[in-house]
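One structure is given below, encoded as structure tokens.
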Amino acid sequence: MSPQPCLLRLTSRMSLLVLLAALSVVTWGAPAQARTPGGIIGVGYHGHQGPPPWVDAACRFTAVHKPCVCALPAVAPLDETLGCSNTSQAWADLDATNTCTRLCTHPANNPSDTGGTVARPGGSAEGEVLFRGAGTVRRRQSGGYVGFVPYSEAPLGYGLEVEWVASALVDATTVPWVFLEDMGPAIQWDDAKGSAAFIQAYASERGAPQPIGTCRHVLQVACPLRDVKLGDRLQVCSGQSEEDARRIAQMGCAPLRYEVLSRSWSPWALYGAHAEAQFLAPSATVVAVGPRQFVGYVPSSLQVVGLHDDWTRLAEALLERTGGTTVWLAGPAEFYAPKGE
């Protein structure tokens, strides 16, 4: 049966999470090459409060997008967005709208308290195991499954088969992985090609979950955590080979933790440089943990980057390190205000 397309948006709950009372310091090398300095691209806020005054003052050109309405079931704490540009009014106008879309479609809080479940519908993927920009499949109450593409309002299909929806997401995002949410502990997956792979985070005291579908090669590995209440182990399943399962197990912990934690960091702004590829997911996150106290997170590591007292320098270092165009800014906006304000 051919699924029918429908227009849906992935939405986010942007609730503040106070993280990590004490953080280790991790340094990074000097940038390998000069890059165009970035800046605030856009912020989200409640209209009656207005944008942070220091942001407005730092922007040569601004534009307001209102109302910025984030669709149910999750509602972000904003109803307006401000586009900021020091280049042109046209860029500010565009970024006001883009910022609304990105903040509203930031991946929603994961309902699982263990750390999430991720599937790779196709065969072995080359390179690092990363989930940045991956789509999400959720079960529909009325039956079947629906897919969400982050950072986009493009129409997406729904279908009766989770495998079809997951494959459609991979085609749409070009990311070989998808998150499986709201499906309960037992997910039935018909792996016709015998090459799908899955990562299931779980708490060791609860025991390993039932593998998804038909799992030929299964590994359970420890997933180191620091001050994070999530599952401490991963179960990796590969229908392809033992070597494929081992590679995923070695590389899967850090990006899975980053993606799950980033859903609770309450991003309120984007920082970076303008690029034609506006759909690209931000490549890292800056989190304010106190006044002029900032830490960074990158998808490929469990280590904290920071502690730093200059968030712009930290953001630029993260962009250089990841080769990205934008980063999320999270944590209380007032912590980002220049000294003396």
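Computed quantities for the displayed model
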{"read-out": "Identity of the residue in segment 102-141, at pLDDT below 85 and β-branched (Val, Ile, Thr), that ends up most open to solvent (accessible area, probe 1.4 Å)", "value": "114"}
{"read-out": "Contacts under 6 angstrom Cβ, first residue in segment 115-127 being under 11 Å from residue 195 (Cα atoms), partner aliphatic (A, V, I, L, M) and open to solvent by 20 Å² or more (accessible area, probe 1.4 Å), 6 or more apart", "value": "121/170"}
{"read-out": "Failed criterion for residue 272 (all others in (1) on the phi > 0 side of the Ramachandran plot; (2) free of Cβ contacts under 8 Å to residues at least 24 places away in the same chain hold)", "value": "(2)"}
{"read-out": "All positions within segment 142-181 that are part of a loop (DSSP other than H, G, I, E, B) and modelled with pLDDT of 80 or more", "value": "142, 143, 144, 149, 160, 161, 174, 175, 176, 177"}
{"read-out": "Every pair of residues 6+ apart whose Cβ atoms lie under 6 Å, when the first sits in segment 237-265 and is in contact (Cβ under 8 Å) with a residue 12 or more places away in the chain and open to solvent by less than 30 Å² (accessible area, probe 1.4 Å) while the second is part of a loop (DSSP other than H, G, I, E, B) and of a type in the set (Lys, Arg)", "value": "239/216"}
{"read-out": "Selection count, segment 193-205, where residues are open to solvent by 20 Å² or more (accessible area, probe 1.4 Å) and touching a residue at least 24 places away in the same chain (Cβ under 8 Å)", "value": "2"}
{"read-out": "Residue match in segment 295-311 (condition: under 24 Å from residue 173 (Cβ atoms), at pLDDT 85 or above and of a type in the set (Val, Ile, Thr))", "value": "yes"}
{"read-out": "Residue within segment 203-221 that is in a loop (DSSP other than H, G, I, E, B) and touching a helix residue (DSSP H, G or I) at 6+ places or on another chain (Cβ under 8 Å) present", "value": "no"}
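The values are calculated or read from the model by the stated rules, or taken from the named source; none is laboratory data. Quantities reported herein were computed from a predicted structural model and do not represent experimental measurements. Note: ideal-geometry Cβ built from the backbone for every residue, glycine included; neighbour counts use all protein chains shown. Areas reflect the complete protein model, heavy atoms only, side chains present, ligands, DNA and RNA absent. Shrake-Rupley method; radii C 1.70, N 1.55, O 1.52, S 1.80 Å.
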